[in-house]
Amino acid sequence: MYVYQRLKDMREDNDKKQEDIALILNITRQQYQLYESGKREMPMHHFVTLAKYYGISLDYLAGIVDTPKRLK
């Protein structure tokens with residue numbers, strides 16, 4: 001569940017709504033809500049898209065490391 005909490009934290013830290021992130025991923029808000037709540041696993045390509053969008057390393061978004069590394 002930690003990964004999904006990170007998704008929510010990143011969204012909220014960037015003042016985005018679930019609808020905003022769903023548009024970026026080209027999915028419905030309901031589908032994104034299932035990802036963020038941990039009720040459904042998010043595909044890797046969505047993690048990659050979000051890492052690029054937020055400008056952070058994929059390992060941080062995936063919960064592998066606790067300190068975000070900014071992408072250049």
(request) Can you work out which of the residues in region 41-57 that are in a helix (DSSP H, G or I) and touching a residue at least 40 places away in the same chain (Cβ under 8 Å) is nearest to Arg70 (Cα to Cα)? (result) Tyr54
(request) Scan region 29-41 for residues that are under 17 Å from Asn14 (Cβ atoms) and of a type in the set (A, V, I, L, M, F, W, C) and report the count. (result) 0
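Could you tell me which residue of region 31-61 is modelled with the lowest pLDDT, considering only residues that are of a type in the set (Gly, Ala, Ser) and buried (at least 16 other Cβ atoms within 10 Å of the Cβ)?
Quick first cut of region 31-61, residues of a type in the set (Gly, Ala, Ser) only: 37-38, 51, 55, 57.
Still in the running and buried (at least 16 other Cβ atoms within 10 Å of the Cβ): 51, 57.
On the way: Ala51: 95, Ser57: 92.
My answer is Ser57.
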(request) Only residues that are among the polar types (S, T, N, Q) and surrounded by 15 or more Cβ atoms within 10 Å (Cβ to Cβ): list them for region 1-30, please. (result) Gln18
(request) Could you list all residues from region 15-37 that are part of a helix (DSSP H, G or I) and under 17 Å from Ala51 (Cα atoms)? (result) Gln18, Asp20, Ile21, Ala22, Leu23, Ile24, Leu25, Tyr32, Tyr35, Glu36
(request) Considering (1) part of a loop (DSSP other than H, G, I, E, B); (2) touching a Phe, Trp or Tyr at 6+ places or on another chain (Cβ under 9 Å); (3) among the β-branched types (Val, Ile, Thr), say which one Ile64 fails and leave the rest. (result) (2)
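The values are calculated or read from the model by the stated rules, or taken from the named source; none is laboratory data. Bear in mind that the values here come from a model prediction, so they are computed numbers and not experimental data. As a convention, Cβ positions derive from the backbone with ideal geometry for all residues, glycine included, and neighbour counts pool all protein chains shown.
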